[in-house]
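Trainee: Below you'll find the structure I mean.
Throughout, read-outs are computed from the coordinates displayed, never taken from laboratory work. Everything numeric here is computed off the predicted structure, so don't read it as measured data. Glycine gets a Cβ as well: all are built from the backbone with ideal geometry, and neighbour counts include every protein chain shown.
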Amino acid sequence: MTSIDVREADGGVVLAPSGRLTVVTAPTLRATVAERIAAGDRLIIVDLSVTEFVDSSGLGALVSCLKSARQSGGDLRLVAPTEQVAMVLRMTNLDRILQPRPSVDDALRG
Amino acid sequence: MTMQVNRRDLRQLSRGTPVRRVAVIRIVVVLAASAGLNYVIWRWAASVNWESWWIAVPLVLAETYSLIDSLLFGLGAWRIRERGDPPAPPAAHSADAVTVDVFITTFNEPVDLVMRTAQAALAIDYPHTTWILDDGDRLEVRDAAEALGIGVITRSTDWADRPRHAKAGNLNNALLTTAGEFVLVLDADQVPHPNILDRTLGYFKDPRMALVQTPQWFENVPASDPLGSQAPLFYGPIQQSKDGWNAAFFCGSNAVLRREALMQLGISRYVVDVERSVHRAIRTSRRLLARAREDAQGDRRVKLALRQAGEIVERARVELERGDGISDVTYRFQRGIDAIAVDRAGADIAMMRDDLRELAALSTDADEFSGIDDAALALLTARDTSPVAAIEAISMLASALDVDRGEEAQAIMPMATISVTEDMATSMRLHGLGWRSAYHGEILASGLAPEDLETMIGQRLRWAQGTMQVFFRENPMLQRRLSVGQRLMYFGTMWSYFSGFPALVYVTAPVLCLAFGVIPVTAYSLDFFARFIPFLLLNQLLFWVVAAGRPTWRGAQYSLALFPVWIESVTSAFKNVFLGQPLGFRVTSKTRLDGGRPRWDLVRPQLIVMAALVVALIVVGIRILVGQAEGIAPYVNIVWVIYDLAVFSIIIRAVLYRGPAATTKEKS
């Protein structure tokens, strides 16, 4: 199961889903992002360094969160994916759109 | 999760048609292909009557079309794969068990018909969750479903004012609100048998298997099948042939799909579409902005905003070439556009502020106008109301240079939306991603076919139009990620829908010959028969061997007799894809219109053809009697015309058909 660690950062919020981000757990991520946007956060940073596995539904959730962040005038950025996650991003070419940053600081900088 | 696979499963996954049957088929394929090539090459090289080229050339072209059709059929049959018993499903109620959603798609079908299917879906043995995807959002459906404890899925609010994409949209909407690892898709009229999942899930022990298609079979069709509803050849050797090349395709219902494959497809298509949109926007931006500058004429502020926009686009182009992530490039782009908005609004507000100051000087209460500034600024900088949005060129760029696919309800669209038949396009793309498919030729659902000619014609037209849309939009021959065999298998299906044009030639040529003595072939001689007869017979033999006892005559009749439908499908899909004209598409109604008179008007072109054929027979009779028709040509054409009439006779039966109830009554 995934638990999502939420921490405030300077200028944004960092969400770190741990474990498996799949069709089963993706709704939790979507709901958390929706909550943060409603609460006024604009820059959503998804820290993937503790995410062991992501499936295509998990990627789909990231895209739909990107869409909500953008539509509220904000942005969503990925950070430090683990090897499996990086591979899935490459395989679907999603990394051409969402290019992960090495660290949360890089993501905050823009 | 990967499923447990044992040796028996592996054996069953790799099983195909017995070697002896394959050997027989291959021998006949080689013979039929040789005979066909021998005939058609001779036709081109030595027997076109160039004096009557205007009919001789269309005829030899039509014959070439038929040869290619036959070669594609033979190529498929070469690797025919009759799978037999499926591998066992992953054990239910165990650690291996998989989760399955059953989707029943409906739009306007009668509620009892939907609920009959829903009840049968509930009774499917393998553990699953049943959903009704009601695109009509009907209260009666919701109530009836609730009574059975079945979930109803309707479109989310995101779909309001956006393209709905018919059934593909309905499925895409449901895919994002459910979570089963596998999805069984059923049309509203397709009543599943309880073992449908037990007989199909085992194929997914192959971890690259994305799709298992089973036959569509109709229970309301008499044995004589006057409307040609059953497709024993298609839901048999044709899909099995495609299966041999890993190209068995999705037919919209009675199929199980792997969610992971669909979602992966959705993600890859999202990336492709966003990249395409962004690159196109950048490519066309220069021209777009230049034209807007011309239109702006004297307005210096608009010109300034356009110049700034041009600089921002240029920066985005450089960043893209450098390989920056599209999300970042577009984010900075959007911020840049917003900055212009604020600048311009700022200028407007400066002017307004001057006005306000003057007003305030006239007013006694200095605070009266304070606060207007902020409200005005907020209003002016909000994207839609800002003066920058009013510059059309800039707002067009802003919506194209984004990653949210704002013009669509969902960013992720697993089911293809390029065609009114989403099924074939979707499976072609899945094959392009390297997924596999299987055709399991066992009837596992009983459906309802159209019961009158009008509905039947509407349905065939829609299928053909959908196939042609895919042909024009994503031609399989150009898909680099498909193997050559897969390309040819998809192409073969599309090729068969062009048959309306050769059909027209096949009925015109003999009429011209009999009635006017126009002869398109120079030599109706031994040369002709020695080449033509083997081609004809070997082709029939190939059909007969491959069909293995399934009835094929009805299908052969309709592929010629519905020629106006096939022609319309090609022309309307062409106009739709290249000229943006609507298809005139309608949802097939599955209920019969009772008490209607026979609809001769639906088949006027066919009736004209039949009349012409009969008149031609009469005329040639007279010509023979008065000694005007010489040689063997008239006799060859008389046989040909009689064959055509036999084919077209099905149209009369179809018009007079009163539905299955009437047929049963006649028999009793």
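Trainee: Just to be sure I understand: of the beta bridges DSSP finds with both ends in chain B, what percent are antiparallel, rounded to 5?
Mentor: 35
Trainee: Roughly what angle does helix B:604-625 make with the longest principal axis of chain B, taking Cα atoms, 0 to 90 degrees, to the nearest 10?
Mentor: It is inclined by approximately 30 degrees.
Trainee: Can you pull the one-decimal nm distance between simple spin-label points at B:Asn475 and B:Phe234, each 7 Å off the Cα toward Cβ?
Mentor: Label-label distance for B:Asn475 and B:Phe234, simple model: 2.4 nm.
Trainee: Follow-up question, since we're still on this one. Around B:Arg83, under 14 Å between beta carbons, what's the net of Lys plus Arg minus Asp minus Glu among the other residues? Write out the running numbers ahead of the final one.
Mentor: Values: positive: B:Arg11, B:Arg15, B:Arg21, B:Arg79, B:Arg81, B:Arg199, B:Lys205, B:Lys242, B:Arg436; negative: B:Asp9, B:Glu82, B:Asp85, B:Asp206, B:Asp243, B:Glu442.
Result for the local shell: +3.
Trainee: Could you order peptides A:83-93, B:212-222, B:417-427, B:247-257 by the average number of other Cβ atoms within 10 Å of their residues, highest first? Before the final figure, lay out each step's value.
Mentor: Values: A:83-93: 16.2, B:212-222: 21.2, B:417-427: 24.3, B:247-257: 25.8.
Result, highest mean Cβ count within 10 Å first: B:247-257, B:417-427, B:212-222, A:83-93.
Trainee: While we're looking at this one, here's another question. With +1 on each Lys and Arg Cβ and -1 on each Asp and Glu Cβ, and nothing else charged, work out how big the dipole of the range A:3-104 is about its Cα centre, in Debye to the nearest 20.
Mentor: Working: 11 positive and 11 negative charges, 66 e Å.
Taking the Cα centre of the range A:3-104 as origin, the dipole is about 320 debye.
Trainee: In the protein assembly as shown, with Lys and Arg counted as +1 and Asp and Glu as -1 at Cβ, which of these residues, B:Gln410, B:Leu645, B:Thr154, has the Cα nearest the positive end of the dipole, that is, farthest along it?
Mentor: B:Leu645
Trainee: For B:Gln540 and B:Arg26, calculate 0.36 nm times their separation in residues minus their Cα-Cα distance, and state this gained length in nm to one decimal.
Mentor: Length difference between fully extended and current span is 183.6 nm.
Trainee: So, counting K/R as plus one and D/E as minus one, what does the shell of residues with Cβ under 14 Å around B:Phe648 add up to? Present the calculation step by step, with values, prior to reporting the outcome.
Mentor: Values: positive: B:Arg554, B:Arg604, B:Arg653; negative: B:Asp644.
Overall, the nearby charge balance is +2.
Trainee: Still on this structure, I have one more. Rounded to the nearest 20 Debye, what is the dipole magnitude of the range B:1-53 about its Cα centre when Lys and Arg each give +1 and Asp and Glu each give -1 at the C-beta?
Mentor: For the range B:1-53, the charge dipole is close to 580 debye.
Trainee: Report, in deg cm²/dmol and to the nearest 500, the calculated mean residue ellipticity at 222 nm for chain A, where each DSSP H run with n ≥ 4 adds -39500 (n - 2.57) and the sum is divided by the residue count. Each step should come with its number before you reach the end.
Mentor: Details: 4 runs with 44 residues, N = 110.
So the calculated ellipticity at 222 nm is -12000 deg cm²/dmol.
Trainee: A further question on this structure: Among the DSSP beta bridges whose two residues both lie in the range A:3-104, what percent are antiparallel, rounded to the nearest 5? Could you put the intermediate results ahead of the total?
Mentor: Values: 7 of 19 bridges.
Given both bridge residues lie in the range A:3-104, the antiparallel proportion sits at roughly 35 percent.
Trainee: I've got another one for you. Rank B:Leu233, B:His279, A:Ile97 by how far each Cα sits towards the positive end of the charge dipole of the protein assembly as shown (+1 on Lys, Arg Cβ; -1 on Asp, Glu Cβ) and give me just the farthest.
Mentor: So the residue furthest toward the plus end is B:Leu233.
Trainee: Count, for each residue of A:88-100, the Cβ atoms from other chains sitting within 10 Å of its Cβ, then give me the mean as a whole number.
Mentor: If you average over the peptide's residues, the count of other-chain Cβ atoms is 5.
Trainee: Work out the FRET efficiency for B:Ala147 and B:Gln4 from their Cβ-Cβ distance, taking R0 = 45 Å, and round it to the nearest 0.05.
Mentor: In this case the efficiency is close to 0.75.
Trainee: Find how much the distance from B:Arg322 to B:Ser34 grows on full extension, using 0.36 nm per residue of separation minus their present alpha carbon separation; answer in nm with one decimal.
Mentor: Details: separation 288, 0.36 × 288 = 103.68 nm, distance 5.52 nm.
Computed gain between B:Arg322 and B:Ser34 is 98.2 nm.
Trainee: For A:Leu108, what charge total do you get from the other residues with a beta carbon under 10 Å from its beta carbon, if Lys and Arg give +1 and Asp and Glu give -1?
Mentor: Within the 10 Å Cβ shell, the charges total 0.
Trainee: Same structure again: Does the protein assembly as shown come out rounded, prolate or oblate, given a ≥ b ≥ c as the square roots of the eigenvalues of its C-alpha gyration tensor, rounded meaning a/c under 1.5 and, failing that, prolate meaning a/b above b/c?
Mentor: Details: a/c = 2.18, a/b = 1.67, b/c = 1.31.
Here the protein assembly as shown falls in the prolate category.
Trainee: Let me ask something else. Go ahead and run the numbers for FRET between B:Ser525 and A:Met87, Cβ-Cβ distance against an R0 of 56 Å, rounding to 0.05. Could the numbers behind the result be given before it?
Mentor: Numbers: r = 68 Å, r/R0 = 1.21.
Between B:Ser525 and A:Met87 the formula returns 0.25.
Trainee: Here's a follow-up. Rounded, prolate or oblate: pick one for chain A, where a ≥ b ≥ c are the square roots of the eigenvalues of its C-alpha gyration tensor, a/c under 1.5 means rounded, and failing that, prolate if a/b is larger than b/c, else oblate.
Mentor: On the way: a/c = 1.43, a/b = 1.25, b/c = 1.14.
Note, shape of chain A comes out rounded.
Trainee: Which one, B:Thr552, B:Ala398, A:Gly74, is farthest towards the positive end of the dipole of the protein assembly as shown when Lys and Arg carry +1 and Asp and Glu -1 on their Cβ?
Mentor: B:Thr552
Trainee: Now, a different point. At 7 Å along the Cα-to-beta-carbon direction for both B:Ser399 and B:Ala92, put a label point, then send me their distance in nm to one decimal.
Mentor: Each label point is offset 7 Å from its Cα along the Cβ direction, giving 4.9 nm.
Trainee: To test your reading of the geometry: what angle, between 0 and 90 degrees and rounded to tens, separates the Cα axis of helix B:372-381 from the longest principal axis of chain B?
Mentor: 30
Trainee: Tell me the angle of helix B:326-362 to the major Cα principal axis of chain B, expressed in degrees between 0 and 90 and rounded to the nearest ten.
Mentor: Around 40 degrees separate the two axes.
Trainee: Cut-off 20 Å, label point 7 angstrom out along Cα-to-Cβ of B:Val615: give me the residues of the range B:510-530 whose amide nitrogen falls inside.
Mentor: Of the residues in the range B:510-530, B:510-520 have backbone N under 20 Å from the label point off B:Val615.
Trainee: Quick check: pseudo-label points 7 Å beyond the Cα along Cα→Cβ at A:Arg30 and B:Asp601, how many nm apart are they?
Mentor: Calculated label separation equals 4.7 nm.
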